[in-house]
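Working notes, structure below.
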Amino acid sequence: MTADPADDATRDELIGWLESKRRHVVQQVGAMSPQERRRSQVPSGWTPLGLVHHLTHDVERLWLRSVMAGEAVEISSGYDGWVAPEDLTDEEIIAEYVEECRAATAAIAGMPVDQPPAAISDDMPPYASLRDVLLHVLVETTTHAGHLDICRELADGGQRLVLDVPD
């Protein structure tokens, strides 16, 4: 089976946009003070580092490595994915996210955009292809990057208004 160059270009473009949003997440959390990274500013109680932990476990690992690549990886249950482990430093939580993003991208490298998920359960949205899953992960990451923008501005007035386009 020969890969369709248009499919490769679509996949690579989606991954490029996802990479830019991943950087946005890391930059915003990195710009916050250690106290603000672990402080909740919302009634639900999540913190900026908890959000990074969620993106690591409930987004990157779940959707790209487990659902698309069919890897047997440990998945968070319930609200656990939203809680920044107290026994990990800020740097370890951020590094875990960066490493999971790398592993997730590697897991889908070379997949055609129309490839169906390897493992999906009945309680998940009915995504039919890598394209669908990449769009979901991109929207999820972008949405949470916006949440971090708000947390950062509330914490110290810092604003990130720079347009970040994929390479």
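Scan segment 33-45 and give yes if some residue there is outside any helix (DSSP H, G or I), in contact (Cβ under 8 Å) with a residue 40 or more places away in the chain and among the hydrophobic types (A, V, I, L, M, F, W, C), otherwise no. Within segment 33-45, not a single residue is outside any helix (DSSP H, G or I), in contact (Cβ under 8 Å) with a residue 40 or more places away in the chain and among the hydrophobic types (A, V, I, L, M, F, W, C).
Only residues that are under 21 Å from LEU138 (Cα atoms) and either loosely packed, with under 15 Cβ neighbours inside 10 Å or of a type outside the set (Phe, Trp, Tyr) (or both) were counted across segment 80-113, and they come to 21.
Only residues that are among the β-branched types (Val, Ile, Thr) and not in a loop (DSSP other than H, G, I, E, B) were counted in segment 72-131, giving 5. Residues of segment 147-156 include none that is surrounded by 15 or more Cβ atoms within 10 Å (Cβ to Cβ) and part of a loop (DSSP other than H, G, I, E, B).
Just so you know, all these numbers are worked out from the coordinates, no wet-lab data involved. The structure displayed is predicted, hence computed values, not measured ones. For neighbour counting, all protein chains shown are included, and Cβ atoms are generated from backbone atoms with ideal geometry for every residue, glycine included.
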